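Enquirer: Pasting a structure below so you can have a look.
Quick note: the coordinates plus some simple rules give every number you see, no bench work behind them. Predicted, not measured: the structure shown is a model, and the values here were computed from it. All Cβ positions, glycine included, derive from the backbone under ideal geometry; neighbour counts span all protein chains shown.
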C-alpha cells in the first residue's frame, strides 16, 4: 500500500514541477510587442507558474466538484475582503442572480423581497446586474448616472423611492465606486437592502474601506477580463449569517443540508429532522427549503483562484498605475474628450479607462473606435449602454404592452447621461498584461486621431 502511495506522490510532484516549468517558459519567451501587429487587448488572463502548478495538482487529485481548494478559496477570499462569508459560484452573473434570490428567502421573514417589489438601479451597465430583478418578478427603477464618474446619480434617490421600494442594487462602474456614503445612508434611512455589484471593482476603496463590504450582499466575477480569473467563476460576499444560509442553500439546489460535498451528517441529526410535510427522519441531505439552482464551481477552478488571489494586490496596483498614466498622458485632449474622474474619497481599482467624445468634437465615438480597432487596439462600450434600448427590453416592453399590461419597471427622469454613454463613450484597457510600450502606443493613437 505504502509503495504505490509513495510512487503516486513522486509522480504528482513531478507533474506539478513540469507545470511550473511550462509557466516559466511562457513567461520568459513572450513575443515582442510590434505596434499595429501585436493586439493590445482591453483585458485578459494574467497567470504564471503558480496557477499552472495548482491546476495540475488539483487535476491529479481528480476531485472534480467543490473540495479542499474550494473551501480554501472561500476562506481566503472572505479574509481578503474582511467579511464573514464568501460563497463561490460559477460566474458573476450567477452571483447577481443568487444575491437577488437570497433576498427573497423565507429566512428573512417580513423583509424578504416579493414579486412586484421595486429595486433602484441604473440602465448604464452590464445587463446581468438588472436581469435577475426581472427574472424574479421584481420591478427595476432606473435612475440616471452622472459624468464623468459613470455611476448612479445619488441626487435622484429620494425621487426614485416609492412605498414599494425595497432595495438598491448597483455596480461600481469600471471599478469606480459609487457614492457609498450617500447610498448607504439612504438605504439605512428607509430600511432598504443594498447589493453591491463589485464584479469590476476588486480592491477599490471608498474612504479607505474595500468596496463589496458596505452592502448586505456583494457580488464578484472571475471571468478572464476581471481583476482575477478562474476562467469562469464568481462569488457572493456577506457579513450576515442568515443571508449566508440563504445564499448557500439556493446555490446548492435549494437544499436545507449544509454538508460539504462528500461529507455526511455535519448536523449530527441527519435522520432526526421533521420539516415540511415530509415524514420524520427523512434524509436531511434530500430536504429542500428553497427553490434553488446548481451554481457551484469545480475544484480545478478554485485551485487557479487560490493562486490568483495571492497576486490580487499586485494586479490592483498595476491597474491603478496604468490608469493614472493614461489619465496624465491624455489630459491635453480634454477639449475634445471627456476624461474619467474617480468618485471623491475613493481609490478605484480600475477595470478600464473610460473616454467620452465631447459634444461638438470634430469626430464621433464610432470613428474613434474604428481607428483604434484598425490599429489592433481593442475597445469596448460601457456594456449595454442604455439597457432600456437593448432588444431584450424593447421586446419585453412590446410584449407587455400587447398583452395590455404596464411596463415592469419605472424610469426616473430622462436618462440623459445614460444615452450620452450609449452614444459617445468607449473604454480601453488598463489590465496587468499591458506593457509600457503598449500603453504608449494606445495614447499615441488616441492623440493622433483626435488631433489630425
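Enquirer: Using R₀ = 56 Å, calculate the FRET efficiency as 1/(1 + (r/R₀)^6) where r is the Cβ-Cβ separation of residue 207 and residue 4; round to 0.05. Let's see the in-between values first.
Expert: Details: r = 57 Å, r/R0 = 1.02.
Efficiency computed from Cβ-Cβ geometry: 0.45.
Enquirer: Calculate the FRET efficiency for residue 274 and residue 347 from the Cβ-Cβ distance with a Förster distance of 35 Å, rounded to the nearest 0.05.
Expert: Values: r = 52 Å, r/R0 = 1.49.
Using R0 = 35 Å, I get an efficiency of 0.10.
Enquirer: Taking 0.36 nm per intervening residue step and subtracting the Cα-Cα distance, what contour gain separates residue 331 from residue 155 on full extension?
Expert: On the way: separation 176, 0.36 × 176 = 63.36 nm, distance 2.82 nm.
So the chain would gain 60.5 nm between residue 331 and residue 155.
Enquirer: Moving to a separate point now. If you average the alpha carbon positions of the stretch 418-433 and of the stretch 316-384, how far apart do those two centres end up, in angstrom?
Expert: 6
Enquirer: Computed FRET efficiency, Cβ-Cβ of residue 18 and residue 72, R0 22 Å: what is it to the nearest 0.05?
Expert: Between residue 18 and residue 72 the formula returns 0.40.
Enquirer: Can you give the translational diffusion coefficient of the chain in µm²/s, computed by Stokes-Einstein from the Kirkwood radius over Cα pairs at 20 °C and 1.002 mPa s? Mind showing how you got there, number by number?
Expert: Details: Rh = 23.6 Å.
Reported coefficient: 91 µm²/s.
Enquirer: On full extension of the chain, what length is gained from residue 106 through residue 64, given 0.36 nm per residue of separation minus the C-alpha to C-alpha distance? Don't skip to the answer; put the middle values down first.
Expert: Working: separation 42, 0.36 × 42 = 15.12 nm, distance 3.18 nm.
Gain on extension, residue 106 to residue 64, equals 11.9 nm.
Enquirer: Please sort 323-331, 167-175, 128-136 by packing, taking for each peptide the average over its residues of neighbouring beta carbons within 10 angstrom, highest first. It would help to have the intermediate numbers written out before the result.
Expert: On the way: 323-331: 16.4, 167-175: 27.3, 128-136: 21.1.
Final packing ranking: 167-175, 128-136, 323-331.
Enquirer: Give the percent of DSSP beta bridges with both residues in the chain that are antiparallel, rounded to the nearest 5. It would help to have the intermediate numbers written out before the result.
Expert: On the way: 25 of 44 bridges.
About 55 percent, rounded to the nearest 5.
Enquirer: I would also like to ask the following. Just how many % of Cα pairs in the stretch 2-60 lie over 16 Å apart, if you round to the nearest whole percent? Working shown, then result.
Expert: Numbers: 998 of 1711 pairs.
Result for the distance tail: 58 percent.
Enquirer: May I pose another question? Taking the highest mean first, how do the peptides 29-37, 147-155 order by number of other beta carbon atoms within 10 angstrom per residue? Present the calculation step by step, with values, prior to reporting the outcome.
Expert: On the way: 29-37: 10.2, 147-155: 21.0.
Output ranking for 29-37, 147-155: 147-155, 29-37.
Enquirer: Okay, moving on. Can you list the equivalent-ellipsoid semi-axes of the stretch 117-191, largest first and in whole Å, using the square root of 5 times each Cα gyration tensor eigenvalue? Mind showing how you got there, number by number?
Expert: On the way: eigenvalues 65, 51, 19 Å².
Taking √(5λ) for each eigenvalue gives 18, 16, 10 Å, largest first.
Enquirer: If packing is taken as the mean number of other Cβ atoms within 10 Å per residue, what is the order of 87-96, 232-241, 279-288, highest first? Don't jump to the answer; show the numbers that get you there.
Expert: On the way: 87-96: 25.8, 232-241: 22.9, 279-288: 13.3.
Taking the mean over residues of other Cβ atoms within 10 Å, the ranking is 87-96, 232-241, 279-288.
Enquirer: Testing the spin-label approximation: label points 7 Å from Cα along Cα→Cβ at residue 25 and residue 259. State their distance in nm.
Expert: For the pair residue 25/residue 259, the computed spacing is 4.4 nm.
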